[in-house]
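K.L.:
If you scroll down you'll find the structure; I have some questions about it.
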Amino acid sequence: MLKKCLFPAAGYGTRFLPATKAMPKEMLPIVNKPLIQYGVEEALEAGMDRIAIVTGRGKRAIEDHFDISYELEHQIRGTDKEERLADIRRLIDECTFSYTRQLEMRGLGHAILTGETLIGREPFGVLLADDLCEGEDHGVLKQMARLYEQYHCSIVAVEEVPETEVHKYGVIRGDRLEPGIHRVRDMVEKPAREQAPSNLAIIGRYILTPDIFDILRKTPPGKGDEVQITDALLEQAKAGNVIAYQFRGQRFDCGSVGGFVEATQHFHAQMDD
Ligand code: G1P
């Protein structure tokens, strides 16, 4: 039912400079696979094979990655290296990729609104590639897609974070419906510790209903003078139309150097198994 997944990928990745000076941060590899490829694999597992990517200047490597490389494939055909392209070939065969450019960086909400032209009027997933998630049984997006079939409203993935970290995230307050599932009553983008409504932080996985675009069009810039998806979601939440889901699995904050190193060690150890 959910067919499309939006990847906001226009940000600069300043925390990784100089590595991200000429290379998109989404192309930084965890071991041998770019961050965004992990994300597309997660979307495909959830049944979302229409991949919509909001890019910006200097992001062309992403388009090249999800395209055939005839010369390279010809070069390694019949050798044991061919296997290394098997995963990306599968994604290219099974997904369609479309792109639009965000001309100015005006926040995550603005990036999502820029993607409207690729999404249209249907519910869709949003995946922030620098939150790398390893689901326990299924990927986080698939867990959320299942929940969507039950609730038919917007869903945000959340996890508990230490109080000292709440200022880095959108934070929710909700009424518990089932273990790990809450109806959101309030949400605040990057609150000070004293103002945080809880320690349940939003991580980079969303299912959004398409009315979010109409709300985003009217959402004024908020925290950091940027249009925040958290503020637009609060409008839906006031009508009882947002669920927060404590996913089963582990998340690595690959937007920070510490989380990136942790993810690298984790996935490298798995390869050695
Ligand atoms: C964005 C959202 C924030 C969310 C976070 C998850 O912030 O605005 O609500 O908690 O992603 O990674 P950013 O990390 O882009 O500043």
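K.L.:
Among the numbered criteria (1) surrounded by 21 or more Cβ atoms within 10 Å (Cβ to Cβ); (2) more than 27 Å from L118 (Cβ to Cβ), which one does H266 miss?
P.N.:
Against the list (1) surrounded by 21 or more Cβ atoms within 10 Å (Cβ to Cβ); (2) more than 27 Å from L118 (Cβ to Cβ), H266 comes up short only on (1).
Yes/no matrix, rows are residues, columns are (1) free of Cβ contacts under 8 Å to residues at least 24 places away in the same chain; (2) open to solvent by 30 Å² or more (accessible area, probe 1.4 Å); (3) within 16 Å of the ligand (Cβ to nearest atom):
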| position | (1), (2), (3) |
| --- | --- |
| A52 | no, no, no |
| H65 | no, yes, no |
| H74 | yes, yes, no |
| L91 | no, no, no |
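K.L.:
With respect to R248, is the statement that it is over 24 Å from G139 (Cβ atoms), open to solvent by 30 Å² or more (accessible area, probe 1.4 Å) and either touching a helix residue (DSSP H, G or I) at 6+ places or on another chain (Cβ under 9 Å) or within 15 Å of the ligand (Cβ to nearest atom) (or both) true?
P.N.:
Answer is no for this residue.
K.L.:
Just to be sure I understand the filter: pairs with C-beta atoms under 9 Å, separated by 6 or more residues or on different chains, first member in the range 248-269 and touching a residue at least 12 places away in the same chain (Cβ under 8 Å), second member open to solvent by less than 30 Å² (accessible area, probe 1.4 Å) and polar (S, T, N, Q). Which pairs pass?
P.N.:
R248/Q143; G249/Q143
K.L.:
If T100 satisfies every condition in (1) under 23 Å from V257 (Cα atoms); (2) touching a Ser or Thr at 6+ places or on another chain (Cβ under 9 Å) but one, which is the exception?
P.N.:
Status for T100: all satisfied but (1).
K.L.:
Quick one: in the range 237-273, which of the residues that are over 21 Å from R205 (Cβ atoms) and among the charged types (D, E, K, R) is nearest to the chain's Cα centre (by Cα)?
P.N.:
The selected residue is K238.
K.L.:
Out of the helices (runs of 4 or more DSSP H) lying entirely within the range 1-89, which hold 2 or more residues that are touching a Pro at 6+ places or on another chain (Cβ under 6 Å)? Even if it seems obvious, please write down each step before you answer.
P.N.:
Numbers: elements: 35-45, 60-65, 70-76.
Helices (runs of 4 or more DSSP H) meeting the threshold: 60-65.
K.L.:
Within the range 104-156, can you find the residues that are away from the ligand (no atom under 14 Å from the Cβ) and touching a Cys at 6+ places or on another chain (Cβ under 6 Å)?
P.N.:
Once the filter is applied, which keeps residues that are away from the ligand (no atom under 14 Å from the Cβ) and touching a Cys at 6+ places or on another chain (Cβ under 6 Å), the range 104-156 yields only G125.
K.L.:
Could you identify the single residue in G47, G109, G39 that is at pLDDT 95 or above and over 29 Å from S256 (Cβ atoms)?
P.N.:
Details: G109 fails: over 29 Å from S256 (Cβ atoms); G39 fails: over 29 Å from S256 (Cβ atoms).
Only one candidate qualifies: G47.
K.L.:
What about I76, is it of a type in the set (V, I, T) and in contact with a Cys (Cβ under 6 Å, 6 or more places away or on another chain)?
P.N.:
No; evaluated as a whole, the condition is false for this residue.
K.L.:
Considering L118, L103, which residue is aliphatic (A, V, I, L, M) and open to solvent by 80 Å² or more (accessible area, probe 1.4 Å)?
P.N.:
Going through L118, L103 in turn, just one is aliphatic (A, V, I, L, M) and open to solvent by 80 Å² or more (accessible area, probe 1.4 Å): L103.
The values are calculated or read from the model by the stated rules, or taken from the named source; none is laboratory data. Predicted model only: the values in this text are computed from it and were never measured. Using ideal geometry, Cβ is built from the backbone for each residue, glycine included, and neighbour counts are taken over all protein chains shown. Each accessible area value is taken on the protein alone, full model and side chains, heavy atoms only, with ligands, DNA and RNA left out. Shrake-Rupley method; radii C 1.70, N 1.55, O 1.52, S 1.80 Å.
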